[in-house]
1. Counting only other residues whose beta carbon sits under 13 Å from that of residue 188, what net charge do I get with K and R as +1, D and E as -1?
2. With only Lys, Arg, Asp and Glu charged, each at its Cβ (+1 for the first two, -1 for the last two), find how big the charge dipole of the chain is about the Cα centre; round to the nearest 20 debye.
3. Return, ordered by residue number, the residues of the range 51-89 whose backbone nitrogen is under 17 Å from a label point located 7 Å along Cα→Cβ of residue 229.
4. Within 10 Å of each candidate Cβ there may be at most 15 other Cβ atoms; applying that plus a DSSP loop requirement, which GluC sites (Glu not before Pro) in the range 285-362 survive?
5. For every other residue with a beta carbon closer than 12 angstrom to the beta carbon of residue 435, add +1 if it is Lys or Arg and -1 if Asp or Glu, then tell me the sum.
6. Classify the range 83-151 from the C-alpha gyration tensor, please: rounded if a/c falls under 1.5, else prolate or oblate depending on whether a/b exceeds b/c.
7. DSSP beta bridges in the chain, what fraction antiparallel, as a percent rounded to 5?
8. Before rounding to the nearest 500, sum -39500 (n - 2.57) across all DSSP H runs of length at least 4 in the chain and divide by the residue total; then give [θ] at 222 nm in deg cm²/dmol.
Amino acid sequence: MTPTTDVDVLIVGSGFSGLGMAIRLKQEGFSDFTILERADDVGGTWQANTYPGCACDVPSHLYSFSFAPNPGWSQTYSRQPEIWDYLRDTARTYDVLRYVRFGHTVTGAEWDEDTARWKVETDRGSFTARVFIPAMGPLAEPKKPEVPGLDSFEGAVFHSARWDHDHDLTGERVASIGTGASAIQYVPTIQPDVAKLHVFQRTAPWVMPHSNRRITRVERRVYRAFPALQRLTRGAIYSARELLVLGFVKRPKLMNVVEKVARRHMRSQISDPELLRKVTPGYTIGCKRILPSNQWYPALEEPNVELVTDEITEVRPHSVVTADGTEREVDTIILGTGFAVTDMPVARQVRGRDAKLMVDSWGGSPRAHLGVAMHGFPNLFMMLGPNTGLGHNSMVYMIESQMNYVIDALRTMRENGVDTVEVKRETVQAYNDRLDQMHEGTVWTTGCKSWYLDDTGRNATIWPDWTFSFRRRTQRFDPSSYDMRTAPAHEPEQVAA
Ligand SMILES: Cc1cc2nc3c(=O)[nH]c(=O)nc-3n(C[C@H](O)[C@H](O)[C@H](O)COP(=O)(O)OP(=O)(O)OC[C@H]3O[C@@H](n4cnc5c(N)ncnc54)[C@H](O)[C@@H]3O)c2cc1C
């Protein structure tokens with residue numbers, strides 16, 4: 001039997017969230033912590049997604065830690081290898097690699113009320129911890145489409161987030177399912193190499209012109225010499241993107257202006273009227289994620305590409321069949337079908353007080369306080385939990401906001417001799433009622449079906465306000481929203497909030 005390892009703070013995941021938390025813990029003098037990571041390297045999203053053309057949709061000067069600027073970005077919107085390198089370098093610079101246990105997949109976790117500790121199971125042994133920080137990523141679990149017969153396909157099948165680089169697509173007939181953020185990046189990249197590419201689309205995305213460009217050597221030198229200038233650029237990018245909240249949340253009618261730009265982009269790049277009809281979305285821009293690309297539409301016009309809008313009804317050993325009865329023979333199927341977001345696996349793995357699974361405590365829809373704390377789950381701080389997603393700005397900003405909050409919570413516990421904190425039920429309720437109100441009248445309620453919505457139709461994914469208001473709310477831990485106790489084994493006494 002493998003022995004149980006006891007640590008003070010246990011983080012799961014080594015993407016931006018897990019690494020960022022580790023860096024802050026270290027800076028705050030918490031040295032007894034461990035990061036469990038199922039992969040064999042750090043980077044999270046940027047380690048797992050290696051598909052051709054994978055890149056960030058948010059400019060790099062903003063999509064990076066505020067405390068670790070990189071004056072050397074080579075493009076305004078970085079590609080995956082560069083972001084992955086940045087995260088590995090940052091982990092090395094802040095000396096947190098030695099805290100990571102690679103190749104450890106967490107399979108379950110349970111709060112033990114008697115010892116006031118989390119017991120966390122992995123495929124390589126058990127861990128106990130006072131504080132548990134799942135930073136397992138909202139977009140980390142590939143979602144497989146429910147298509148009859150998919151398992152019977154005899155060619156290669158892989159998800160965009162698990163790209164099979166040993167498989168050569170040259171000269172193949174390929175089916176690509178999905179037209180979301182990943183597909184619009186890899187389709188144009190693989191199109192020149194394949195013999196035939198059938199792109200299966202359920203809903204057309206709104207696509208905007210992409211402004212990516214190389215960052216010149218002079219600019220890089222200037223950023224190195226004057227870090228304040230890079231901070232200024234970061235601030236300007238942040239502010240410009242934040243303006244989109246006006247259209248997303250405050251006045252969806254303002255999105256008409258953005259829609260006009262997208263329509264012009266579409267018309268300028270597509271000459272075939274039938275294709276134009278197929279790629280024109282039938283919902284308000286912004287209701288689903290807006291995607292930037294200058295290559296997507298031209299790729300769809302290439303003679304070896306077919307955009308199929310009929311629903312897939314069946315996959316056979318060598319073909320894909322659609323509702324109109326057409327059967328297309330293919331060698332490989334690529335699933336560009338996104339991730340399990342509202343049905344994240346962690347919710348079925350973690351049991352809180354009373355051995356209740358997270359998913360059961362949610363009552364049908366993911367709910368947390370500030371996307372980080374849940375009633376019934378003492379000393380658990382989840383990174384990028386419910387309603388922290390953004391359609392317009394950098395997720396790293398949200399991560400850093402939550403990092404502030406968690407660190408302040410741990411500091412408060414330490415300074416007041418508190419062993420457990422548990423957010424009050426009424427706090428979570430009131431916070432989520434308010435979120436639901438805030439969602440009313442936003443662009444996300446204008447009638448599209450998106451991965452932002454859970455099975456009940458509730459938007460449990462998006463933060464429906466300015467991101468600086470999230471930053472303000474997470475700047476400090478709010479003790480009055482929590483029940484704070486010393487451990488039952490010591491003194492079962494309530495500590496004044
Ligand atoms: C292709 C792609 C493009 C994106 N582009 C953008 C963008 O342009 N702008 C933006 O703001 N955001 C973007 N995102 C969102 C992105 O996920 C976040 O910005 C950010 O990287 C999330 O960091 P994280 O550390 O919270 O999660 P992740 O980076 O997903 O890291 C989670 C880590 O947890 C590990 N893990 C998960 N489950 C377990 C387990 N059971 N046991 C052990 N380890 C586990 C995973 O292996 C992973 O390393 C993109 C996401 C994807 C997939």
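1. On the way: positive: none; negative: 193, 301, 302.
Around residue 188, the surrounding residues sum to -3.
2. Numbers: 57 positive and 61 negative charges, 453 e Å.
That gives a dipole near 2180 debye.
3. Within reach of a label on residue 229: 61-62, 69-76.
4. Working: sites: 301, 306, 311, 314, 327, 329; in loops: 311.
Here the sparse-neighbourhood loop sites are 311.
5. Numbers: positive: 367, 434, 458, 473; negative: 433, 436, 440, 465.
Taking every Cβ under 12 Å from that of residue 435, the sum is 0.
6. Values: a/c = 2.49, a/b = 1.13, b/c = 2.21.
The shape class here is oblate.
7. On the way: 29 of 65 bridges.
Among the beta bridges of the chain, antiparallel pairing accounts for roughly 45 percent.
8. Numbers: 13 runs with 141 residues, N = 497.
Counting only the DSSP helices, I get -8500 deg cm²/dmol.
Computed from the coordinates by the stated procedures, all read-outs in this text should not be read as laboratory data. Just so it is clear, the model here is predicted, and its values are computed rather than measured. Because the Cβ atoms are built from the backbone with ideal geometry, glycine has one as well, and the counts that use them run over all protein chains shown.
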